[in-house]
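Trainee: Could you have a look at this structure, given as structure tokens, before my questions?
The values are calculated or read from the model by the stated rules, or taken from the named source; none is laboratory data. Model, not experiment: these values are computed from the prediction. Here the Cβ is made from the backbone with ideal geometry for all residues, glycine too, and neighbour counts use every protein chain on show. Side chains included, ligands, DNA and RNA excluded: accessible areas come from the protein's heavy atoms. Shrake-Rupley method; radii C 1.70, N 1.55, O 1.52, S 1.80 Å.
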Amino acid sequence: MSTYLSLENIGITFPTDKGPLTVLEDVNLKIAKGEFISLIGHSGCGKSTVLNIVAGLLQATTGGVVLENSEVNQPGPDRAVVFQNHSLLPWLTVYDNVRLAVDQVFGKTKSKQERHDWTLHNLELVHMGHALDRRPSEISGGMKQRVGIARALAMEPKVLLMDEPFGALDSLTRTHMQDSLMEIQAELNNTVIMITHDVDEAVLLSDRIVMMSNGPNATVGEILHIELERPRNRLELADDPTYNHYRAEVLRFLHERHAQPDVPSGKPKAKPQEPTPAPVSVAQETPVIEKPTQGHRLTLAVG
């Protein structure tokens, strides 16, 4: 696998009233171009912190992020972020919310007509071409998220970062958005890192699921390879034994972490309990699970 995006020995420590708090420690992950990665884990395991470091919104205390052989140390249009909150400007129309990003990124490289056409293209991509003149208060939550995704895609990012983008949506809207995201990713071959708490969403969308250990001092616990053919149909996969096998592996990991939470460094850990099987059908094949290895620590100055 050719590495496109690399997270190398990432650690981050925040000052608190009770002393330094290490949120992440020795996070290592190599991602190929066009790969869809999901981050999953219990609350407080540092998933959003990882995403913010990749986005350049936070600076790692140790280690670093490398995208196409260049170190990431600040935000940039090559990494677009879609948050759970759509973050649309309420006084602008659907069209103008996307056009604003297009003008910022391509103001010096595309003509006015090209920027107009590119804005329309990305709104059509998320099926929002019919609502160009509406404002955020006049469209549904799912439609707002579509506009947010269109705005991110319009920047032509190398990496699309998504922080629980569908978490606030109702179940039916969420399924439609997941299907749309699969269609877009198949067409554009985006490299995607998405945070989710939804096990089914992670298995359905991902090429690999990165399961984080509990914090503090969180790191990559296991990596599950999802070897399901694309395009994927959720109805067909519902009774697919391989799909349910992957689902059971993620549930097993999360259940074990909940039953035996990680103990901060310096304190002895209790004897591990026998894992309780998850109540789902399991296929006969053994899933491909990576056990992360410790790399060499790279220390970067924070300033």
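Trainee: So, in the range 167-225, exactly how many residues are among the hydroxyl-bearing types (Ser, Thr, Tyr) and either within 23 Å of Gly46 (Cα to Cα) or open to solvent by less than 30 Å² (accessible area, probe 1.4 Å) (or both)?
Mentor: Residues meeting the conditions: 6.
Residues are listed down the side, and each one gets a yes or a no for (1) open to solvent by 20 Å² or more (accessible area, probe 1.4 Å); (2) assigned to a loop (DSSP other than H, G, I, E, B); (3) of a type in the set (Gly, Ala, Ser):
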{"residue": "Thr3", "(1), (2), (3)": "yes, yes, no"}
{"residue": "Ile53", "(1), (2), (3)": "no, no, no"}
{"residue": "Pro75", "(1), (2), (3)": "yes, yes, no"}
{"residue": "Val81", "(1), (2), (3)": "yes, no, no"}
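Trainee: Give the range 55-73 a look and list any residue that's in contact with a strand residue (DSSP E or B) (Cβ under 6 Å, 6 or more places away or on another chain) and assigned to a strand (DSSP E or B), or say none. I'd like the intermediate steps shown before the answer.
Mentor: Of all residues in the range 55-73, those in contact with a strand residue (DSSP E or B) (Cβ under 6 Å, 6 or more places away or on another chain) come to 55-56, 60-67, 71-72.
The answer is Thr62, Gly63, Gly64, Val65, Val66, Leu67, Glu71, Val72.
Trainee: Among the polar types (S, T, N, Q) and part of a helix (DSSP H, G or I): does that describe Asn122?
Mentor: So Asn122 passes the test.
Trainee: Hey, does the range 12-20 have a residue that's touching a residue at least 12 places away in the same chain (Cβ under 8 Å) and acidic (Asp, Glu)?
Mentor: Scanning the range 12-20, I find no residue that is touching a residue at least 12 places away in the same chain (Cβ under 8 Å) and acidic (Asp, Glu), so the answer is no.
Trainee: Of the conditions (1) among the basic types (Lys, Arg); (2) open to solvent by less than 50 Å² (accessible area, probe 1.4 Å); (3) within 22 Å of Asp26 (Cβ to Cβ), Arg232 fails just one. Which one is it?
Mentor: Condition (3) is where Arg232 drops out.
Trainee: For Asn97, all conditions in the list (1) touching a Leu at 6+ places or on another chain (Cβ under 8 Å); (2) more than 28 Å from Asn214 (Cα to Cα); (3) in contact (Cβ under 8 Å) with a residue 60 or more places away in the chain hold save one; what is the number of the exception?
Mentor: Every listed condition holds for Asn97 apart from (3).
Trainee: Look through Glu222, Glu236, Glu201, Glu227 and report the one residue that is of a type in the set (D, E, K, R) and within 25 Å of Leu21 (Cα to Cα). Working first, answer last.
Mentor: Values: Glu236 fails: within 25 Å of Leu21 (Cα to Cα); Glu201 fails: within 25 Å of Leu21 (Cα to Cα); Glu227 fails: within 25 Å of Leu21 (Cα to Cα).
Of Glu222, Glu236, Glu201, Glu227, the one residue that is of a type in the set (D, E, K, R) and within 25 Å of Leu21 (Cα to Cα) is Glu222.
Trainee: Hey, Leu57 hits all of (1) farther than 21 Å from Lys33 by Cα; (2) free of Cβ contacts under 8 Å to residues at least 60 places away in the same chain; (3) within 18 Å of the chain's Cα centre (by Cα); (4) surrounded by 18 or more Cβ atoms within 10 Å (Cβ to Cβ) but one; which does it fall short on?
Mentor: (4)
Trainee: When Ile12 is evaluated against the numbered criteria (1) open to solvent by 10 Å² or more (accessible area, probe 1.4 Å); (2) over 16 Å from Glu222 (Cα atoms), which criterion, by number, is the only one it fails?
Mentor: If we test Ile12 against (1) open to solvent by 10 Å² or more (accessible area, probe 1.4 Å); (2) over 16 Å from Glu222 (Cα atoms), just (1) comes out false.
Trainee: Still on this structure, I have one more. Being open to solvent by 60 Å² or more (accessible area, probe 1.4 Å), in a helix (DSSP H, G or I) and not aromatic (Phe, Trp, Tyr) narrows it down to one residue among Asp133, Asp117; which is it? I'd like the intermediate steps shown before the answer.
Mentor: Working: Asp133 fails: in a helix (DSSP H, G or I).
Step by step, each of Asp133, Asp117 is checked, and only Asp117 is open to solvent by 60 Å² or more (accessible area, probe 1.4 Å), in a helix (DSSP H, G or I) and not aromatic (Phe, Trp, Tyr).
Trainee: Would you call Glu114 of a type in the set (D, E, K, R) and touching a residue at least 60 places away in the same chain (Cβ under 8 Å)?
Mentor: no
Trainee: Would you confirm whether or not the range 247-255 contains a residue that is aromatic (Phe, Trp, Tyr), open to solvent by less than 20 Å² (accessible area, probe 1.4 Å) and in contact with a strand residue (DSSP E or B) (Cβ under 6 Å, 6 or more places away or on another chain)?
Mentor: The initial filter retains those residues of the range 247-255 that are aromatic (Phe, Trp, Tyr), namely 253.
If we keep only those that are open to solvent by less than 20 Å² (accessible area, probe 1.4 Å) as well, we get 253.
Within this subset, residues satisfying the condition of being in contact with a strand residue (DSSP E or B) (Cβ under 6 Å, 6 or more places away or on another chain) are 253.
Yes, some residue in the range 247-255 is aromatic (Phe, Trp, Tyr), open to solvent by less than 20 Å² (accessible area, probe 1.4 Å) and in contact with a strand residue (DSSP E or B) (Cβ under 6 Å, 6 or more places away or on another chain).
Trainee: One residue is enough: does the range 87-108 have a residue meeting the conditions under 14 Å from Leu161 (Cα atoms), among the charged types (D, E, K, R) and either open to solvent by 50 Å² or more (accessible area, probe 1.4 Å) or in contact with a Ser or Thr (Cβ under 8 Å, 6 or more places away or on another chain) (or both)?
Mentor: No; the residues of the range 87-108 include none that is under 14 Å from Leu161 (Cα atoms), among the charged types (D, E, K, R) and either open to solvent by 50 Å² or more (accessible area, probe 1.4 Å) or in contact with a Ser or Thr (Cβ under 8 Å, 6 or more places away or on another chain) (or both).
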